[in-house]
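Participant: My questions all concern the structure below.
The values are calculated or read from the model by the stated rules, or taken from the named source; none is laboratory data. Only a predicted model underlies this, so the values are computations on that prediction, with no experimental measurement involved. Counting neighbours? That spans all protein chains shown, and the Cβs are built from the backbone with ideal geometry, glycine included. Accessible surface areas use protein heavy atoms only, side chains included; no ligands, DNA or RNA. Shrake-Rupley method; radii C 1.70, N 1.55, O 1.52, S 1.80 Å.
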Amino acid sequence: MKDSLVEVNNLKKHFHIGNGQLLKAVDGVTFSIRQGETLGLVGESGCGKSTLGRTIIRLYENTDGEVLYKGKNVHRLKGKEAGQFNRDVQMIFQDPQASLNPRMTVEDIIAEGLDIHGLARGMRRERVTELLQLVGLRKEHASRFPHEFSGGQRQRIGIARALAVEPEFIIADEPISALDVSIQAQVVNLLEDLQAERGLTYLFIAHDLSMVKHISTRIGVMYLGKMVELATSNELYKLPLHPYTQALLSSVPVPDPTVKRERIILQGDLPSPANRPSGCGFRTRCPKATERCALEEPVWKEAEAGHWVACHLYD
Amino acid sequence: MEKHLLTIDNLKVNFKTYGGEVQAVRGVSFHVDKGETLAIVGESGCGKSVTAQAIMGLIPNPPGRIVDGKIVFEGSDITHLTKKEWMQIRGSKIGMVFQDPMTALNPTMKVGTQIVEGFIRNHQVTREEAQKRAIEMLRLVGIPDPEKRVDQYPHQFSGGMRQRVVIAIALACQPQLVIADEPTTALDVTIQAQILDLLRRLQEEQELSVVIITHDLGVVSEIAHRMVVMYAGIVVETGTVEDVFAAPRHPYTWGLMRSLPRIDGEEKQRLVPIDGTPPDLFNPPKGCPFAARCDYAMEICNQQMPEISTFEPGHQAACWLHDPRAPRIEELVAAGRQGE
Ligand SMILES: Nc1ncnc2c1ncn2[C@@H]1O[C@H](COP(=O)(O)OP(=O)(O)O)[C@@H](O)[C@H]1O
Ligand SMILES: Nc1ncnc2c1ncn2[C@@H]1O[C@H](COP(=O)(O)OP(=O)(O)O)[C@@H](O)[C@H]1O
Ligand code: SF4
Ligand SMILES: [Mg+2]
Ligand SMILES: [Mg+2]
């Protein structure tokens, strides 16, 4: 696809977890992320969202498959190109507390990337001030330490740090999950404004489906290391194809007592990715599973224009 | 008044810390009737858990202390009971469910034993009867294969199944009241749906009263009959879920509702956050605690705690906007715009 910034082709990331066991955290995922869009990634904990994000940004080596960033295989980048990638692609983490060094001042945290990449020499302080204001903090905050801030403010510091090196693509891994609702909206608005101003591309990982719908252009749904559905945000919510997506959406409690919705309550728990069911990974909980689902793995296909799904119901 | 199952009247709880004394709960009042589910909402640190701890006699003392107010359960004052008296109430009349099931479970004890521990203490039963009761409870909370599961340990259960076990423990003594503090916050949505479904079914079948603490207005609307909105240690609004959602009366409640995206909404709208953060409870403001973040704050808001106004029966809010002397909201908004 021409306008895609990132292409992920049959990407796999497996972990050895002892006793010769293999945990297939990400197991053959294919999709692309378009320039300037926000791709939302949802799915229950343990389905491989963070591992996928971390493999894309090269925090993990890939086990198989490839990630192309502007057409180049990111796991093969060396020297200057690798350095440029490390600037162009940044990550924001869930727990701002854990991802900020408590012994560094806010100024040093934000400027770390500037220092590493030799940017803003002689202009360090000015750049930091600019970044602080950009994310809604004040100049005076530069000399303080992370523990002096609230959760929402710490997330702003994390965002300022990511923005310091003027990235093109940001992977936000549950950036608002640890924040209160009234503060979540502050951070989401900030991310949206920054995107509009700077043409940023986001991979937005979250488990709050309402927020993902709000912020995303398109959404990918993962289950047990695979992507099971991908569509535009409106289409996915209006016409979910995969039985897992249908159940996931119907599980979200709607803050409106006048709305009474039909709920699909899934039976049982998520199986362990180290012990994946045969055929379709979802079949043990799927209300629509047939014999075939245990025997054959459904292929990832475009059921309708731009709407991808992996489920035997759509063959 | 005494017809309520539980009445909290002007509860105040402080904690002594190195930084000074935190006024965690600053005069909270509400009640719970038989067979109803009451939700307490509010952002982290507003005093929800401390309120729950007070109802269950679990305020750690020191550093915590109930400095004022009264908790009346089934007509008797339980504000200051001895450890032994609390044990009796907790084992038989009030059950508890917490956010993290692992902290509520003993990792070295079979789940069956944990479920009937309190029951055995309060009833004369044989081993077989106890085992039968444990299996019955596991079945009640929807754990498959209860005959086998009853002899397993907590680590052999998934997160969602552990929370079911905790609910089974809470219900084993047939309490009148269950207090659930963020029981689904740590769970995935599909598992949350299972647990909410279970709580709703049990509440109806067993005519239980439930106090559920959550920060999720979606959960409130799914499961509760009435709600209490807390902010900085006080109740800012209370009413039936229908009334509060249809016509919220407190600016904080407005803010909460506007900051939420709607999953079933068609048009994308910009979210409206509440700017700023809650006040410091070491040194809470003497007026309305929301004033610093409120778009409508007037002079009086900073000086005096708002009085409580009543709208529909049982629908109340603590906000100066509803004082007959206050200007109309439209005027305040217009004045605010001019000032910008
Ligand atoms: N470094 C690692 N070593 C071994 N297993 C891991 C590692 N990171 C993640 N996993 C496992 O991979 C699976 C996917 O995890 P993760 O990507 O964190 O899921 P999510 O972000 O969707 O919750 C989980 O079963 C997790 O335990
Ligand atoms: N054991 C304790 N010691 C000191 N402070 C406490 C203790 N427990 C709670 N607090 C304080 O009381 C306030 C209310 O806390 P809590 O009731 O847990 O809030 P929440 O609404 O998030 O459940 C917070 O400021 C918290 O820091
Ligand atoms: S009392 Fe005043 S500051 Fe408080 S919520 Fe009402 S208008 Fe706002
Ligand atoms: Mg994750
Ligand atoms: Mg709490």
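Participant: Which FRET efficiency, nearest 0.05, do A:H75 and B:N302 yield, Cβ-Cβ r, R0 45 Å?
Facilitator: Result of the calculation: an efficiency of 0.20.
Participant: Amide H of B:V97 versus every other amide H placed in the peptide plane: which residues, excluding those fewer than 5 positions away on the same chain, fall under 5 Å?
Facilitator: Correct list: B:I179, B:A180, B:D181.
Participant: Quick one: divide the alpha-carbon radius of gyration of chain A by 2.2 N^0.38 Å and tell me what you get.
Facilitator: Cα-based Rg divided by the globular estimate yields 1.04.
Participant: Over segment B:6-230, average the accessible area per residue using a 1.4 Å probe and give it in Å², no decimals.
Facilitator: 42 Å²
Participant: Could you list the trypsin sites (Lys or Arg not before Pro) in segment A:102-137 that lie in coil according to DSSP, counting only those with at most 11 other Cβ atoms within 10 Å of their Cβ?
Facilitator: Passing both the DSSP loop test and the Cβ count: A:R103, A:R121.
Participant: Now a separate question. Show that you can apply the helix-only estimate: for the protein assembly as shown, add -39,500 (n - 2.57) for every DSSP H stretch of four or more residues, divide by all residues, and state [θ] at 222 nm to the nearest 500.
Facilitator: -9500 deg cm²/dmol
Participant: Right, something else. With all distinct Cα pairs included, what does the Kirkwood hydrodynamic radius of segment B:6-230 come out to in Å, to one decimal, could you say?
Facilitator: Averaging 1/r across every pair of different Cα atoms and inverting gives 18.0 Å.
Participant: Roll a 1.4 angstrom probe over the protein heavy atoms and tell me the percent of accessible area of chain A that is carbon or sulfur.
Facilitator: Roughly 48 percent, rounded to a whole number.
Participant: Obtain the nm distance between the two label points defined at A:R125 and A:Q21 by a simple spin-label model: each point lies 7 Å from its Cα along the Cα-to-C-beta direction.
Facilitator: Here the answer is 5.6 nm between the modelled labels.
Participant: Bin all alpha-carbon pair distances of segment A:212-315 at 10 Å intervals from 0 and give each bin's fraction as a whole percent.
Facilitator: Histogramming segment A:212-315 at 10 Å steps yields 14, 45, 33, 8, 0 percent.
Participant: Across the residues of A:174-187, average count of Cβ atoms on other protein chains within 10 Å?
Facilitator: Average per residue, whole number: 6.
Participant: Using a Förster distance of 60 angstrom, determine the FRET efficiency expected from the C-beta separation of A:D88 and B:E129, and round it to 0.05.
Facilitator: Computed FRET efficiency for A:D88 and B:E129: 0.35.
Participant: Continuing with this model, one more query. Relative contact order, percent, of chain B when contacts are C-alpha pairs under 8 Å separated by at least 6 residues?
Facilitator: Reported as a whole number, the value is 19 percent.
Participant: If you don't mind, another one. Tell me, what HN-Hα J-couplings in whole Hz come from the Karplus equation 6.51 cos²θ - 1.76 cosθ + 1.60 at θ = phi - 60° for each residue of segment B:130-136, using x for Gly and Pro?
Facilitator: So the J values, rounded to whole Hz, are 5, 4, 4, 5, 4, 5, 4.
Participant: In segment B:6-230, if the dipole is taken from +1 on Lys/Arg beta carbons and -1 on Asp/Glu beta carbons about the Cα centre, which of B:V210, B:V141, B:G75 is farthest to the positive end?
Facilitator: B:G75
Participant: Further question: Test of understanding: extend the Cα→C-beta vector of A:S177 to 7 Å, then name every residue of segment B:86-108 with backbone N under 17 Å from that spot.
Facilitator: Zone members listed by number: B:100-101.
Participant: Solvent-accessible area of B:W86, probe 1.4 Å, all protein chains present, reported in Å² to the nearest ten, please.
Facilitator: Surface open to solvent at B:W86 totals about 20 Å².
Participant: Express in % the proportion of alpha carbon pairs of the protein assembly as shown at distances exceeding 51 Å.
Facilitator: 14 percent
Participant: Moving on. With θ set to phi - 60° and the Karplus curve 6.51 cos²θ - 1.76 cosθ + 1.60, what are the ³J(HN,Hα) couplings of segment B:229-245 in order, to the nearest whole Hz, using x for Gly and Pro?
Facilitator: Rounded to whole hertz, the list is 9, 9, 8, 6, x, 10, 8, 9, 7, 8, x, 5, 4, 4, 4, 5, 6.
Participant: Also, I was wondering about something else. Taking amide H positions as placed 1.01 Å from N in the peptide plane, with prolines and chain starts having none, which residues 5 or more places from B:V25, or on another chain, fall under 5 Å of its amide H?
Facilitator: Long-range HN contacts for B:V25: B:V13.
Participant: Grab the other residues whose beta carbon is less than 10 angstrom from that of B:Q192, score K and R as +1, D and E as -1, and report the net.
Facilitator: For residues surrounding B:Q192, the net value is -4.
Participant: Starting from the exponent 0.38 and prefactor 2.2 Å, build the expected Rg for segment A:173-237 from its residue count and divide its actual Cα Rg by it.
Facilitator: After normalising by residue count via 2.2 N^0.38 Å, the value is 1.15.
Participant: What number, in percent, do you get for the relative contact order of segment B:64-212 if the mean sequence gap of Cα pairs under 8 Å and at least 6 apart is divided by its residue count?
Facilitator: Once divided by the residue count of segment B:64-212, the mean separation gives 29 percent.
Participant: Scan segment A:175-270 for GluC sites (Glu not before Pro) in coil per DSSP, keeping those whose Cβ has at most 10 other Cβ atoms within 10 Å, and list them by number.
Facilitator: Of the GluC sites (Glu not before Pro), the ones in loops of segment A:175-270 whose Cβ has at most 10 other Cβ atoms within 10 Å are A:E262.
Participant: Now for a different question. Quote the FRET efficiency, to the nearest 0.05, computed for B:K93 versus A:N9 with a Förster distance R0 of 51 Å and r equal to the Cβ-Cβ distance.
Facilitator: Calculated value: 0.25.
Participant: How many nm is it between the label spots at B:K16 and A:R261, if each spot is 7 Å from the Cα in line with the beta carbon?
Facilitator: Placing both labels 7 Å beyond Cα along the Cβ direction yields 5.0 nm.
Participant: In a shell of Cβ-Cβ distance under 15 Å around A:R292, excluding A:R292 itself, what net charge do Lys and Arg (+1) and Asp and Glu (-1) give?
Facilitator: Its environment carries a net charge of -2.
Participant: Measure off 7 Å from each Cα along the Cα-to-Cβ vector at B:W86 and A:R292, then give the distance between these two points in nanometres to one decimal.
Facilitator: Label-label distance for B:W86 and A:R292, simple model: 6.1 nm.
Participant: For the pairing of chain A with chain B, what total accessible surface becomes buried, with a 1.4 angstrom probe, in square angstrom to the nearest 100?
Facilitator: That pair hides around 3600 Å² of surface in total.
Participant: Using θ = phi - 60° and the Karplus relation 6.51 cos²θ - 1.76 cosθ + 1.60, list the HN-Hα couplings for segment A:32-48 in order, rounded to whole Hz, with x at every Gly or Pro.
Facilitator: Karplus values, whole Hz, x for Gly and Pro: 10, 10, 8, 3, x, 9, 10, 9, x, 10, 10, x, 5, 4, x, 7, x.
Participant: Quick one: pull the percent of accessible area on segment B:1-84 belonging to carbon and sulfur, 1.4 Å probe, ligands and nucleic acids left out.
Facilitator: The computed percentage sits at 53.
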